[in-house]
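Worksheet: one structure, shown below.
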Amino acid sequence: MVVANRTGILRDYRESFREKQFLSGTAIFKNHAALQNSRSNVTFYLEPKAGKSNILDNLKSDYAKNFKDEEQFGFQNFYSWSYQLSGNQGTFSSSLYALYKSDTRLGGKPEWTVQLESRIINKPWVLDQDGKNKFIMIQEQDHTVHAFSPDGKELWQNLFQGEILGEPIQLQDLSIIIVTKSRLYRIRPDGKNMNGFSVELPSTASYGATISNFNKEQRIYIPATDRILAYSLDGKRIEGFENNTVDSRILFDLKITTLGQTNYIIAGTSTASVYFFNENGKIIRKQSLDTDGESVRNPIGLVAASDEKNSFVYVADNKGSIFKVPFEGESKKLN
């Protein structure tokens, strides 16, 4: 359960969750977690820099003055604080932890910094440049995409038509598949388009691409609100695939698997329906879930075994109920 005193905080949390921007992935949190106990009844964690405005809003004026006093108190010299309360057999123990800034710890001092024209709207992606070297790709608010070497040298920049959706996918030849709301890109590691790209999409994409390798033929599948678009790797559209629409918005990415002789493309929708397509866009099966009228906003999960009998799709609704959807038979509510 997530509780906040303003709806804006909840919206920001939901957006961060969707983008998988978790504290557990930051260097500061990882360093702090190494200090504190891994188990407790209550843990309160705080990063003064990130939470500065909230801290000042909630402190009385004298305490707020002390918090901002860099000479006498020095709170700015700490990356993070946490307080833990633990109970065991009728007794309690409490612990206070603080991570002091240090150049010798991971996350203590940046190796390099780059100042862009506007804020970054996607997380950095680390991709292969030539099979031996890596590069870092980011996108800023004006939709310019930048590529940097590991030592901070800018390799190239390119203006895309829209925000990158989902995750870029790097193929075996090191080319990169990228989707925005209006276009499909396939670029080389040097930022230049492959022949035949970019491609204008006939419908607005709602998430990034999924790459299949059914029958040793790679295809690009893109969720586009209430339909799926399909393309070959040379950018040619596979006609007829988008004619089979679904009942509402497709959530996040498409899942793919092969069970027996059947290739599946699976989509979950906001009205709690799960669709099973074959590789040519024919609907094999649709399973509608009873969520008491609640819409769904979470991505579906796929557990694929060797056959349909032991393979399942999992769906979580907004109230925390989890549904197990088989490839054969009826769905089941697990909690």
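Summary of values
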quantity	calculated
Amide H contacts under 5 Å for Leu155, placed H, 5+ residues apart	Ala147, Phe148, Ser149
Of Leu184, Leu99, Leu59, the one that fluctuates the most in a GNM where the chain has Cα springs shorter than 10 Å	Leu59
Options (i) 20.6, 68; (ii) 23.9, 72; (iii) 23.0, 73 - which one matches Rg and Dmax of the Cα atoms in Å as calculated here	(ii)
Å² of accessible area per residue within the chain, as computed with a 1.4 Å probe and no ligands counted	60 Å²
Cα-based reach from Lys282 at 20 Å (exclusive), listing lysines while leaving out same-chain residues under 8 positions away	Lys216, Lys236, Lys255
FRET efficiency for Phe22 and Ser288, using Cβ-Cβ distance with R0 set to 25 Å, rounded to 0.05	0.20
Given charges at beta-carbon only (K, R positive; D, E negative), |dipole| of the chain in Debye	460 debye
Mean Cβ count within 10 Å, highest first, over the residues of peptides 61-71, 154-164	154-164, 61-71
Of all accessible heavy-atom area on the chain, the percent that carbon and sulfur account for (1.4 Å)	47 percent
³J(HN,Hα) computed for each position of region 266-281 - Karplus, 6.51 cos²θ - 1.76 cosθ + 1.60, integer Hz, glycine/proline x	10, 10, x, 10, 5, 9, 6, 10, 10, 10, 10, 9, 8, 5, 9, x
Residue-span extension gain [Lys216 to Phe73] - 0.36 nm each, minus C-alpha spacing	45.0 nm
Per-pair calculated FRET efficiency, R0 = 41 Å: Ile120 and Ser248 via Cβ, rounded to 0.05	0.85
Efficiency of FRET between Leu46 and Leu10 - r from beta-carbon atoms, R0 25 angstrom, step 0.05	0.85
Protection proxy ranking, peptides 281-294, 224-237, average beta carbon neighbours within 10 Å, highest first	224-237, 281-294
Added length on full extension, which subtracts the Cα-Cα distance from 0.36 nm per residue, Ile136 to Ser93	11.1 nm
Listed residue pairs exceeding 32 Å between alpha carbons, taken from Lys20/Lys60; Lys30/Lys332; Lys65/Lys123; Lys101/Lys153; Lys30/Lys52; Lys52/Lys324	Lys20/Lys60; Lys30/Lys332; Lys65/Lys123; Lys52/Lys324
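The values are calculated or read from the model by the stated rules, or taken from the named source; none is laboratory data. Not measured: the values here are computed from a predicted model. With ideal geometry, Cβ positions are generated from the backbone for all residues, glycine too; neighbour counts draw on all protein chains shown. Side chains are part of the model used for accessible areas, which takes the heavy atoms of the whole protein and leaves out ligands, DNA and RNA. Shrake-Rupley method; radii C 1.70, N 1.55, O 1.52, S 1.80 Å.
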